[in-house]
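Accompanying notes for the structure given below.
Each value in this text was obtained by applying a stated rule to the coordinates, not by laboratory testing. Since we're looking at a predicted model, the values are computed, not measured. As a convention, Cβ positions derive from the backbone with ideal geometry for all residues, glycine included, and neighbour counts pool all protein chains shown.
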Amino acid sequence: MAYWLVKSEPSVWSWQQQLDKGAAGEAWTGVRNHSAKQHLMRMKVGERAFYYHSNEGKEIVGIAEIIREHYPDPTDPSGKFVCVDLKAVAPLKTPVTLATIKAEPKLAEMALLKQSRLSVQPVTDAEWRLICQMGGV
DNA sequence: GCCAACGTTGGC
DNA sequence: GCCAACGTTGGC
């Protein structure tokens, strides 16, 4: 069971919009980076991902679940990139901010800090558990 | 196949 | 609004 982190600018697609979609979920489209694509292709139905708001907020706000594995991204005219479908599972009681993550030595190795531009990232089991704990989930 | 120029992302 | 990081493009 792998864990993930996906990033979105709230002005483009926010956690609230994801929540409003409910169990039907929504396609996570628009990834145009090959590293991110590799991660998308490794995602399995039932795996979970942190939902991170970049630019505005800069915090992990919720947990989402993969409900459909990778397929061609309908928004990509070249047909080279893929997307998955995600549904919102639960918000964090307390959002975990980037500043908090930076201040926690156990999270210093997170891809979020090391590759800040990567929009889909793997999260280790230990990181997942710690952030859930910090977020009150 | 190298690398400079350029565009985009995202933190500050 | 600035700038660092980094991916992509295109000339050679």
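Within region A:73-130, being of a type in the set (Val, Ile, Thr) and touching a strand residue (DSSP E or B) at 6+ places or on another chain (Cβ under 6 Å) holds for A:82, A:84, A:89, A:96, A:97, A:120, A:123.
Taken together, the criteria exclude residue A:89 from residues that are within 15 Å of DNA strand C (Cβ to nearest atom), touching a Lys or Arg at 6+ places or on another chain (Cβ under 7 Å) and not small (Gly, Ala, Ser).
Of all residue pairs spaced 6 or more apart or on separate chains, those with beta-carbon atoms under 9 Å, a first member in region A:68-79 that is of a type outside the set (Val, Ile, Thr) and a second member that is loosely packed, with under 10 Cβ neighbours inside 10 Å and part of a loop (DSSP other than H, G, I, E, B) are A:72/A:79; A:73/A:79.
If you go through region A:6-35 and keep only what is within 16 Å of DNA strand C (Cβ to nearest atom), farther than 15 Å from residue A:57 by Cβ and not in a loop (DSSP other than H, G, I, E, B), you end up with A:34, A:35. Does region A:50-58 contain any residue that is over 14 Å from residue A:121 (Cβ atoms), more than 16 Å from DNA strand C (Cβ to nearest atom) and either of a type outside the set (Val, Ile, Thr) or in contact with a Lys or Arg (Cβ under 6 Å, 6 or more places away or on another chain) (or both)? Scanning region A:50-58 turns up no residue that is over 14 Å from residue A:121 (Cβ atoms), more than 16 Å from DNA strand C (Cβ to nearest atom) and either of a type outside the set (Val, Ile, Thr) or in contact with a Lys or Arg (Cβ under 6 Å, 6 or more places away or on another chain) (or both).
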